[in-house]
Every structure is written in C-alpha cells, then in structure tokens.
Amino acid sequence: MSAAGFLTVAETHPACRVLGPGSRYVVWVQGCPLSCHGCVSPQWIPFAGGHRVAVAELAEEIAASGADGLTLSGGEPFAQADALARLVTTVRARRDLSVLCYTGYTLEHLRRTGDAGTRDLLSEVDILIDGPYVAARHGDLRWRASANQRVHDLTGRHTAELAGPDTGGGLQIEVRPDGGVQWLGVPPTPGFRHAFERALGLTAPRPRRGPVTK
Ligand code: SF4
C-alpha cells in the first residue's frame, strides 16, 4: 500500500485500445489481497515489488499523453484507492479523461465497507468492472475475463459504447524496438497466455490485461 502521494505501479502503457473505449493510458498497480485461482498476472499479487511512483509525476505524463481515457488495473486498484483517487483528480484538473477501473471486489462490497479513499475513487470512475476472476466461468467477453464480472456504467459517459456487443475486446500485440513481444488485453481463453508464450518460445511468467515483455 502507498501513501496518497505515491503509487506502487507494476506497469504502464500509454496507448492501449483493448481495455476500455478508445485509446487509453493504462496503469497496472502492484499488489492484490485476493488470490484468484488462475490469475493471469500472479507476479502482480505480492505487495512487495513494482515501482514507487509520485502521483504528481504520473498524472503529468497521463495528461500529456494522447489517450482518450485512463484504465486502472492490477493488482487491485482499491488497495491503493487514496493514491489513485488523487491521480485521477490531478489528471482531470488538466484534462477530462474518462476512467475505467477493474476490481476483484464487488461494487456492493466496496460501497458497504469502503473507506474514504474507496469512496473518493469510486466517485471518479465512469466504468467499473468488478468481481474476482473465476476460471470456470472464463469467456470471450468485452474487457473482462469471466462471466461473473460485471460492467457498471456508473456515470453514463460511455452508455453508447456499452450498448454494443458483449464479445471479446481483442488483443493488442506489439513488437518493441528491442525485439521483445508484448500483448495487452483480456485473454479470450484460460490457456491463451501459456499457449502464446510457448509459441514464441517464452518461458517466464507474464501478466494479464497487460504486457508480456519477453
Ligand atoms: S485476478 Fe485480479 S483480483 Fe484476482 S488475484 Fe489476480 S489481480 Fe487479484
């Protein structure tokens, strides 16, 4: 967990087109108190690790990016709710980006038990995708991995986009200048990640909803 002026970040991407409407800056935070069986980014579950980042600096970078929106994932965003709420308000003081946030908790749980930081972050979120990952219910669904996870249109900002087909949001596969390959998005099948990495001859465990970096 971090003080509100700092975040512990696992990874970022400035232009992701498969984790919410339009082109989005994505912040994957480090650390999750849940342990969903089959979590595709288990290396982001420990709270030890990641990079300590000043909220003000990250907000500056996000606001200066060409992104249409900001997606918060992880890890568990609500484990760093204070700092993420501050991140969003700082970005929005510069530019009114839409905000999509993932959480392994249900919306009802957050509303019932959440502290001030949780309430502050919830009040900034346009789309909340909630619930733990349940491998037995994995599906090719828009922006989420299992059928128990719900897409909450909290503000109406994206109601038109959300009315579209609820089928896979696709994957974004990139080759970096150093030759490394990375993918972003929600895997369409439970075994996708391992099959993809085997096909590329990759061996190290790599993330979900986020980059595979060689
Ligand atoms: S799937 Fe999400 S909520 Fe579940 S352990 Fe992984 S990061 Fe945490």
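Counting only other residues whose beta carbon sits under 14 Å from that of E57, what net charge do I get with K and R as +1, D and E as -1?
Details: positive: R52, R86, R94; negative: E60, E61.
Neighbourhood net charge equals +1.
Taking the Cα atoms of the chain, what is the range of coordinates along each of the three principal axes, in descending order and whole Å?
The principal-axis extents, from largest down, are 44, 35, 32 Å.
Report ³J(HN,Hα) in whole Hz for each residue of the range 171-187, in order, from the Karplus equation J = 6.51 cos²θ - 1.76 cosθ + 1.60 where θ = phi - 60°; Gly and Pro get x.
So the Karplus estimates, Gly and Pro as x, are 10, 10, 10, 10, 10, 7, x, 7, x, x, 10, 9, 10, 10, x, 9, x Hz.
Say we join alpha carbon atoms closer than 10 Å with springs in a Gaussian network model of the chain; which of V99, V40, V53 then has the biggest fluctuation?
V53
No value in this document is a laboratory result; all are computed from the given coordinates. Please read these numbers as outputs of a predicted model, since none were measured by experiment. Please note: Cβ atoms are built from the backbone with ideal geometry, for glycine as well, and neighbour counts cover all protein chains shown.
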